[in-house]
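As structure tokens, the structure follows; a few thoughts come after it.
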Amino acid sequence: EQLHLGAERPALGDEPTFLRLEGPNLWPPDPAWRDRILRYLSEVVEAGKEVLAKLCTGLGIKPTSFADKPGLDPYLVMKLICYHPQPEIDGCRPGVAAHVDFSWITLTLQDNTGGLEIRVPDGQWIAVEPEPGTLLVHVGEILAFATQGRFGATPHRVINRKSDRPRLSIPIFLNPSLQTIVTPIDNGSA
């Protein structure tokens with residue numbers, strides 16, 4: 001089960017069609033819950049912007065190279081995901097197939113159930129052991145494109161290996177504004 005939320009913004013219309021991706025969220029009737037979720041989203045996004053600035057510094061480019069222009073806000077997607085306990089079927093458990101995210105970066109808070117795996121460069125899958133109170137940060141396809149592969153998108157998959165409890169995670173996908181055209185950095189400069 002997933003609940004998708006984003007930054008709380010007014011609807012901007014239907015043209016161009018990508019503008020339909022942003023607008024007001026549909027909220028449960030608990031305003032305190034809404035406020036907590038929006039505060040969490042805001043705080044994680046600020047941490048994500050700091051990570052992007054540090055990556056830019058490491059690349060020898062301006063720390064704001066992956067930031068949106070003034071007046072544009074990043075496109076944000078936060079998912080509250082519950083992976084229900086799954087029965088084993090013919091020796092395996094269903095889950096989310098291997099994929100990479102389409103984002104600058106994804107920041108994920110996960111519970112202590114485990115089940116997230118990443119593929120390392122030699123092709124092996126390794127389990128990401130959850131650490132309470134920490135965010136997992138991984139690279140998405142937009143950052144891989146912008147850095148011309150200097151940072152590769154992180155292949156990952158999820159399997160709830162527990163048959164007695166759900167697995168919960170809250171990934172936040174930090175993307176450029178929907179109105180931003182991303183171009184690759186040019187020989188270490190942006």
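Results, tabulated for the structure shown:
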| item | result |
| --- | --- |
| Qualifying positions in the stretch 81-104 - at pLDDT 95 or above and over 21 Å from Trp125 (Cα atoms) | Ser103, Trp104 |
| Every residue from the stretch 97-130 that is surrounded by fewer than 16 Cβ atoms within 10 Å (Cβ to Cβ), in contact (Cβ under 8 Å) with a residue 40 or more places away in the chain and aromatic (Phe, Trp, Tyr) | Phe102 |
| Of the criteria (1) at pLDDT 95 or above; (2) touching a helix residue (DSSP H, G or I) at 6+ places or on another chain (Cβ under 7 Å); (3) not small (Gly, Ala, Ser), which one Pro171 fails | (2) |
| Pair list, Cβ under 7 Å, 6 or more apart: the stretch 6-32 residue more than 20 Å from Glu43 (Cα to Cα) and in contact (Cβ under 8 Å) with a residue 40 or more places away in the chain, other residue open to solvent by less than 60 Å² (accessible area, probe 1.4 Å) and of a type in the set (Gly, Ala, Ser) | Leu19/Gly13 |
| When residues of the stretch 13-44 are limited to those that are in contact with a Leu (Cβ under 6 Å, 6 or more places away or on another chain) and surrounded by 15 or more Cβ atoms within 10 Å (Cβ to Cβ), the one nearest to Gly133 (Cα to Cα) | Val44 |
| Matching strands (runs of 3 or more DSSP E) fully within the stretch 1-102 where at least 2 residues are among the hydrophobic types (A, V, I, L, M, F, W, C) and more than 15 Å from Asn175 (Cβ to Cβ) | 75-83, 95-99 |
| Search result, residues across the stretch 134-169 that are in a strand (DSSP E or B) and either touching a residue at least 60 places away in the same chain (Cβ under 8 Å) or among the hydrophobic types (A, V, I, L, M, F, W, C) (or both) | Leu136, Val137, Val139, Arg157, Val158, Ile159, Arg167, Leu168, Ser169 |
| Yes/no for Gly71 being open to solvent by 40 Å² or more (accessible area, probe 1.4 Å), on the phi > 0 side of the Ramachandran plot and either under 16 Å from the mean Cα position of the chain (by Cα) or of a type outside the set (Ser, Thr, Tyr) (or both) | yes |
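The values are calculated or read from the model by the stated rules, or taken from the named source; none is laboratory data. This one's a predicted model, so the numbers in the text were calculated from it and none came from an experiment. Positions of Cβ are backbone-derived with ideal geometry, glycine not excepted, and every protein chain shown enters the neighbour counts. Areas reflect the complete protein model, heavy atoms only, side chains present, ligands, DNA and RNA absent. Shrake-Rupley method; radii C 1.70, N 1.55, O 1.52, S 1.80 Å.
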